[in-house]
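Everything on this sheet refers to the single structure shown next.
The values are calculated or read from the model by the stated rules, or taken from the named source; none is laboratory data. Small disclaimer: the values here were computed from a predicted structure and weren't measured. All Cβ positions, even for glycine, are placed from backbone atoms using ideal geometry, and neighbour counts span all protein chains on display. Ligands, DNA and RNA are stripped out before the accessible areas are found, and what is left, the full protein with its side chains, is counted by its heavy atoms. Shrake-Rupley method; radii C 1.70, N 1.55, O 1.52, S 1.80 Å.
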Amino acid sequence: MASMRFTGVDIGSSFTKAVVIDSEAMILATHVLKTGMDFESASRRALEETAAKGTPSSWVVATGVGRSRCLQKPPTKTEISCIARGSYHHLPRPHVVVDIGGQDNKVVRVDEGGCQLDFKMNRKCAAGTGAFLEEIARRLDVAPEAISAMARRAGKAVEIGSYCTVFTCTEIIHHIREGASPEGILRGCYESVVKRILEMDPLDGEVALSGGVIATHPVIADILAEKLGRAPFVAPQAQFVGALGAALMSRQSHATNAA
Amino acid sequence: MASEKSSRLRASRQKLDVLLKDYYAGLDAAGKDPARKVAWCTSAGPVELLEAMGFHLYFPENHGALLGARRLATGFIGQANAKGYSPDICSYLTADIGAHLRGESPLKDAYGIDAPPKPDVLVYNTSQCREVQDWFSFYGREFGVPVLGIHSPWKAGTVGPESIADVAQQLERMAVTLAPIAGAPLNRARLAEVVKLSSQASAHWKRFLETGRARPSPITFFDATIHMAPIVVMRGKEATRDYYRGLVEEAEALVRDGIAAVEGERLRFYWDGMPNWGKLRFFSDLFTRLKICAVASTYCLSWVFDELDCRRPFESMAEANLKVFINRSEDYKESYLVDAVKAYSIDAILFHEAKTCPYNTNSRFGLPQRLLEGHGVASTTLYGDLCDLRCFSEDQTETTVEALAEQLAARAPRG
């Protein structure tokens, strides 16, 4: 298996990520692009881009909401299993993974051997996910990639009480009228994201964060640390944890078949 | 009650089609004949009392399920919302009232009758939920007919003699109130006969559902939702008892022949809560793809009435209605589900959290967590609704079910 290459492609609602690893699970290449309206095209481009980096691979596992639409029709695994697998690779001990994605939040518990114990997903509503933060940035007319740094500068968070993205936008208009700072409003929005996660699960034990949102909005880790009283582990290349998990599953599946 | 076709149990399915067409034709004729009396009734009853008094019974819940199964409900709910019936209350209720307000019904397409028959009386029982009272009160005002109710003690752990006596007395009083509407007083011998027929049908229904204990299971939850219609709407009739006798014979033959409802059955799931009527095909296809058999459900088991006894009809009707799962304490539900997991060799429970049905949603008071921590029972919660498809996401549900299957497969011993 020395020269084998294994790819995981995570076709998410907002972004498609691909990771290529070698037989020692070393990451050789990554690529991320906007998923857009076409899952097949996004997965094809992600795989082409990683291949163009000199790391073609014939062993692929697809994950994410568009996993069944991957053009090559490779084996699929859910993002929940892949997140658990990828997170355990970075943090090989029992922990709870919190993955904040474009449309979904997931909480997955893994045991000391990396086995997934149970999981939770948010309800149909996307409040508290990446889509929520994008909408807030649009409402405040700020670039989405800038809002985390702004929230870190806030002196005080504005209390955001709504469950719902639409109601939160209405609430924000009220706060703007009252003269609240954009930084304080943003900090309040991030606090509401963390509240939604803590409403999903008590997060007992060690916590690891993954997903595209945590990669772009590191202030979430700060706020979660405040609420939990301990710092969460933030996975390196957090956006690629699901794709890495898929690549690791591809590698494992190949090893099992070869045995 | 569902519209999906099953390739197994074909003989019973054919009998069922005839049985239901006859039932609706009879109802339609009764609704047009002033000499015959129509009662609208809740599924929790009091079916046997009304049947014994000669009423033709119509069930708005069955209509709600039909609206859901045919994916018409979501289009009618808004009509009821506009009349002040909130989108947060029972979507059977809002879909049914919405359809009534629009003067539409799937009964014509399904059974060849134009509309539900006009009621002479509306009779509900709150042992299943509290909203049926308001649902039936709407129709009471709409048609100008009496609305009678059995008000059951709620959420009991143990159903004691006081509760049974209370409900039995309510039933006795109701029989007196119903007599002038029926045109004759209750004939107690006839009541005993009806209760006996119901009890026999229930015993056959139970035996049919218990074929799901076999490995592989010859039946699925989806089969049960199809074949449950007579036990809900046609209890106390010889034809119903005979239908279930035939169904049991057909299902037990499948067990003897080792026929699997899901080819290559790999996992066995238990469905808790209401069906998502408009998505039964989605779930059936998803489970088949993942080689999951939903072998049993609280919903279908809820029409097993072991308590019915023709020697003490009033008390046993009261006991049967009080002991329905939906009306029991959290401790009772926990113990019931643990027993079901063992009896049906269940790998995991799917809790259906129906947005508009808090009464028959059992994941809202920590039960899944207690089942995992106290008994090692795996489960997941699926968000949706019985009728309102706006509350449901196929993608999220597919991922949730598939992730649970992957989790269980990863833990399974490798042979």
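Here are the numbers:
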quantity	calculated
For the protein assembly as shown, size of Cβ-based charge dipole, Lys and Arg +1, Asp and Glu -1, in debye	780
Kirkwood hydrodynamic radius (C-alpha pairs) into Stokes-Einstein, the stretch A:94-140, 10 °C and 1.306 mPa s, D in µm²/s	135
Stokes-Einstein translational diffusion, the stretch A:14-157 - Kirkwood Rh over all Cα pairs, 0.890 mPa s, 25 °C, in µm²/s	143
Interatomic Cα distance distribution for chain B, bins of 10 angstrom, percent	5, 23, 33, 27, 10, 2, 0
Placed amide H near A:A29: partners under 5 Å, 5+ positions off or other chain	A:V20
C-alpha long axis of helix A:165-177 to longest principal axis of chain A, angle in °	40
Exposed-loop-free span, longest in chain A, where trypsin sites (Lys or Arg not before Pro) count as exposed if DSSP calls them loop and at most 15 other C-beta atoms lie within 10 Å	A:54-152
Percent antiparallel among DSSP beta bridges (both partners in chain A, rounded to 5)	70
For chain A, fraction of C-alpha pairs farther apart than 29 Å, in %	32
Extension gain, A:R230 back to A:D141 (0.36 nm per residue minus Cα-Cα distance, nm)	28.7 nm
With Cα atoms, 0 to 90° folded angle of helix A:182-200 axis to chain A main axis	60
Pairwise Cα inverse-distance average, inverted: Kirkwood Rh of the stretch A:76-229 (Å)	15.9
Kirkwood-type radius of the protein assembly as shown, with distances r between different C-alpha atoms, in Å	27.3
Of all accessible heavy-atom area on the stretch B:238-305, the percent that carbon and sulfur account for (1.4 Å)	47
Binned Cα-Cα distance frequencies in the stretch B:100-181 - 5 Å width, integer %	3, 12, 17, 18, 18, 13, 9, 6, 3, 0
Rh by Kirkwood over Cα pairs, then Stokes-Einstein D for the stretch A:152-234 at 1.567 mPa s and 4 °C, µm²/s	96
For the stretch B:365-415, convex hull volume per residue from C-alpha positions, Å³	100
Area accessible to solvent at A:F132, 1.4 Å probe radius, in Å²	10
Karplus 3J(HN,Hα) series, Hz, for the stretch B:174-183 with 6.51 cos²θ - 1.76 cosθ + 1.60 (x for Gly, Pro)	4, 4, 5, 5, 6, 3, x, 6, 6, x
Cut-off of 10 Å, at most 12 other beta carbons, DSSP loop: longest stretch of chain A lacking such GluC sites (Glu not before Pro)	A:25-111
Drop in accessible area of at least 50 Å² in the complex versus isolated chain, residues of the stretch B:368-400, 1.4 Å probe	B:Y383, B:Q396, B:T399
For chain A, accessible area per residue (1.4 Å probe, heavy atoms of protein chains only), Å²	43
Trypsin sites (Lys or Arg not before Pro) lying in DSSP loop within the stretch B:3-65, provided at most 10 other Cβ fall within 10 Å	B:K5
Solvent exposure ordering (accessible area, 1.4 Å, most first) of B:C387, A:C164	A:C164, B:C387
Net charge of Cβ neighbours under 10 Å - reference B:P153; Lys, Arg +1; Asp, Glu -1	-1
B:R364-B:T158 FRET efficiency (beta carbon distance; Förster radius 25 Å; 0.05 resolution)	0.65
Rounded to 10°, Cα long-axis angle of helix A:39-52 versus longest principal axis of chain A	60
Kirkwood-based Rg to Rh ratio, the stretch B:116-226, C-alpha trace	1.05
For the stretch B:1-82: Kirkwood Rh in Å [reciprocal of mean 1/r, alpha carbons]	14.8
Gyration tensor verdict on the stretch A:21-98 (Cα atoms; rounded if a/c is under 1.5, prolate if a/b is larger than b/c, oblate otherwise)	oblate
Label-point gap, in nm, between A:C115 and A:R44 - each point 7 angstrom along Cα→Cβ	4.2
